[in-house]
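Written below as structure tokens is the structure these notes are about.
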Amino acid sequence: MSPLKTLATAAFLSVGLALSGSAVAQSLEKLKVRLDWTPWGVQAPFHLAQQKGWFKQAGLDVSLDDGNGSVTTVQLVGSSDDYDLGHAALASMMIARDKGLPVKAVAVFARLSDVGLLVPQGGAIKGPKDLKGKKIVYTAGSLEAPFIDAFLAAGGLKKSDLDLVSVDAAGKAATYASGRADAAFSTIPFFLPVVSQTRPSDGIKFSDYGLNMPSFGLFATEQKLKSKGDAIARFASVSSAAWQYIYDGHQDEAVEAIVSQRPQAKLDKKVLRGQIDALKPHFTSANSAGRPIGVPVQADWADAVKTLTSVSLIKPGADPKQYYEPDFIRADITSKLK
């Protein structure tokens, strides 16, 4: 993007993202948001928007609560009135909706699954076919676990062809980074910058092997979409615009915002920047070319239904349209970013 266009984007955001004057002038509407995890790079747009006052300019009084996993966030947002909106891995939301929780996505930021395989940089492992006889760590009960069979099958292997060891999620990164495993199944953007400090690594995405499903985005209950739909749309639109601003060359500004908003977390700025950079390849799918960041694309959701059905995480025959609402990224905002 040209410097002129970047300046235009910044100016556009600084005046309230071209939202209606009435929305800015009215008393601030409260929104309580549950995040996916403790502070990391995927939360950059929320902390940046909070830091720069963009939510307030959009007529919102936003509180951001840290989380302890996407599944927990989906359950808390979906089953109680405590939160208006959640940010989580949306595959977890799809699974929960299929089980009866009345939740729907309103924005999809990382369109490609963040789950995959961490491997040593420059090593012999380039894909699933190279894993025969290797020691691989994973976490049983995690989102990665149901897809391992399908990933290995793409390389003509089965679990019995390798030494697959389940470890606790908290110790997985250390186990791999120390060299006690040849590779690790995990969330690539979160762990890659962390382990690469001691063991330079690459990520092999499940989505490159036909296992397509949405990653991080925003969702709410059907009841909240009715009662607070306009406020949720404003939050989603600001967040979309903030992501675009970040990837227009303001990654370090986003890092500073996260650190400033969460000083007690003692975050590593290098890791945060690495996470933001590692997320970027997940933002564009084959179906989303030319679409603003965050706007749901039906073909992506159809792919996700196919993937989750193939491993029996949702029931066959699900309509992709039931999992998302299409009009919560405001066109009058996203059009200014093109």
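What is the residue count in segment 81-118 for residues that are of a type in the set (Asp, Glu) and more than 25 Å from residue 234 (Cα to Cα)?
Looking only at that region, the number is 2.
Of the residues that make up segment 311-329, is at least one in contact with a His (Cβ under 6 Å, 6 or more places away or on another chain) and more than 25 Å from residue 144 (Cβ to Cβ)?
No: segment 311-329 contains no residue that is in contact with a His (Cβ under 6 Å, 6 or more places away or on another chain) and more than 25 Å from residue 144 (Cβ to Cβ).
For (1) of a type in the set (Asp, Glu); (2) out of contact with any Lys or Arg (no Cβ under 6 Å at 6 or more places or on another chain); (3) within 19 Å of residue 37 (Cβ to Cβ); (4) surrounded by fewer than 14 Cβ atoms within 10 Å (Cβ to Cβ), each residue gets a yes or a no:
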| residue | (1), (2), (3), (4) |
| --- | --- |
| 164 | no, yes, no, no |
| 167 | no, yes, yes, no |
| 170 | no, yes, yes, yes |
| 181 | no, no, no, no |
| 192 | no, yes, yes, no |
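Restricting attention to segment 46-67, and to residues there that are in contact with a helix residue (DSSP H, G or I) (Cβ under 7 Å, 6 or more places away or on another chain) and in a strand (DSSP E or B), which single residue is farthest from residue 251 (Cα to Cα)?
Here the answer is 60.
Pick out, from segment 138-248, the strands (runs of 3 or more DSSP E) lying fully within it that include 2 or more residues that are touching a residue at least 60 places away in the same chain (Cβ under 8 Å) and charged (D, E, K, R).
Of the strands (runs of 3 or more DSSP E) lying wholly inside segment 138-248, those with at least 2 residues that are touching a residue at least 60 places away in the same chain (Cβ under 8 Å) and charged (D, E, K, R) span 201-205.
Yes or no, residue by residue, for (1) over 18 Å from the mean Cα position of the chain (by Cα); (2) closer than 30 Å to residue 223 by Cα; (3) not in a helix (DSSP H, G or I):
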residue	(1), (2), (3)
270	yes, no, no
287	no, yes, yes
322	yes, yes, no
326	no, yes, yes
329	no, yes, yes
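Which of the following residues is at pLDDT 95 or above and surrounded by fewer than 17 Cβ atoms within 10 Å (Cβ to Cβ): 65, 36?
65
If a residue has to be of a type in the set (D, E, K, R) and either assigned by TED's automatic domain parsing to the domain that holds residue 203 or farther than 17 Å from residue 202 by Cα (or both) to count, how many in segment 271-290 make the cut?
Residues that pass the stated criteria total 0.
Taking segment 80-106 as the search range and keeping residues that are among the hydrophobic types (A, V, I, L, M, F, W, C) and more than 15 Å from residue 304 (Cα to Cα), which one is surrounded by the most Cβ atoms within 10 Å (Cβ to Cβ)?
Top of the filtered list is 88.
The values are calculated or read from the model by the stated rules, or taken from the named source; none is laboratory data. Source: prediction; values computed, not measured. Cβ sites come from the backbone with ideal geometry, for glycine too, and all protein chains shown count toward neighbours.
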